[in-house]
Amino acid sequence: MHLSTGETPFKFVYGTDPMIPVEVMEPTLRMETLEEDNNTNERRVDLDLLPEVREAAHVREFACKLRAKKKYNSRVVPRKLKEGDLVLRRTIRDASSNKLTPNWDGPFRVREEVGRGALKLEELGGRQVPRTWNLANLRFYYS
């Protein structure tokens, strides 16, 4: 059973819960209450109700995603950098880096905001840094 939908994938496809081999071999309440002649009609009803089951699962999944989004957004601190701010950028790890390598490079000056959260940087001497940097990989430099 999926936590976000509350249903099993088998039920989404076939409209009913699967019967495991133990239920067939051992007498269970489900097998004892099974009526062969009425089973076909019940299966048709289950298949007719299948779109409603899928819709209810969709609503539960959407609610679960909203809860996760709300929890994530409650911990995110929005940052806004403007042109001229000094920032540090996260270092890119490669084979030559070790645990003593600094985690942040800089300072750099914000040259312009290219898009939502994408910034172009320049060194303090005025030389442009070659690529854009995401706001998640930058932090404000306090001088």
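Structure summary
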| item | result |
| --- | --- |
| Flag if Val22 is on the phi < 0 side of the Ramachandran plot and either in contact with a Lys or Arg (Cβ under 9 Å, 6 or more places away or on another chain) or assigned to a loop (DSSP other than H, G, I, E, B) (or both) | no |
| Unique residue being without any contact (Cβ under 8 Å) to a residue 12 or more places away in the chain, of a type in the set (Val, Ile, Thr) and farther than 30 Å from Tyr14 by Cβ when the list is Thr101, Thr40, Thr33 | Thr101 |
| Considering residues of segment 125-143 that are polar (S, T, N, Q) and assigned to a strand (DSSP E or B) only, the residue least open to solvent (accessible area, probe 1.4 Å) | Thr132 |
| Members of segment 102-120 that are assigned to a loop (DSSP other than H, G, I, E, B) and at pLDDT 90 or above | Pro102, Asn103 |
| Close pairs (6 angstrom Cβ cut-off, 6 or more residues apart or separate chains): closer than 19 Å to Gly6 by Cα in segment 52-80, of a type in the set (D, E, K, R) and not in a helix (DSSP H, G or I) anywhere | Ala57/Glu7 |
| Residues satisfying the stated conditions in segment 34-78, i.e. assigned to a loop (DSSP other than H, G, I, E, B) and surrounded by fewer than 12 Cβ atoms within 10 Å (Cβ to Cβ) | Glu35, Val76, Val77, Pro78 |
| Filtered residues of segment 1-33 (kept if in contact with a helix residue (DSSP H, G or I) (Cβ under 9 Å, 6 or more places away or on another chain), open to solvent by 50 Å² or more (accessible area, probe 1.4 Å) and either farther than 30 Å from Lys69 by Cα or among the aromatic types (Phe, Trp, Tyr) (or both)) | Tyr14, Asp17, Pro18, Met19, Val24, Arg30, Met31 |
| Residue check for Arg93: within 20 Å of Pro78 (Cβ to Cβ) and exposed (fewer than 11 other Cβ atoms within 10 Å of the Cβ) | no |
| Members of segment 96-124 found to be under 26 Å from the mean Cα position of the chain (by Cα), farther than 12 Å from Glu83 by Cα and open to solvent by 60 Å² or more (accessible area, probe 1.4 Å), listed by number | Arg116 |
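The values are calculated or read from the model by the stated rules, or taken from the named source; none is laboratory data. Since we're looking at a predicted model, the values are computed, not measured. Don't worry about glycine lacking a Cβ; one is built from the backbone with ideal geometry, like all the others, and counts go over all protein chains shown. Heads up: the accessible areas ignore ligands, DNA and RNA and are worked out on the full protein's heavy atoms, side chains in. Shrake-Rupley method; radii C 1.70, N 1.55, O 1.52, S 1.80 Å.
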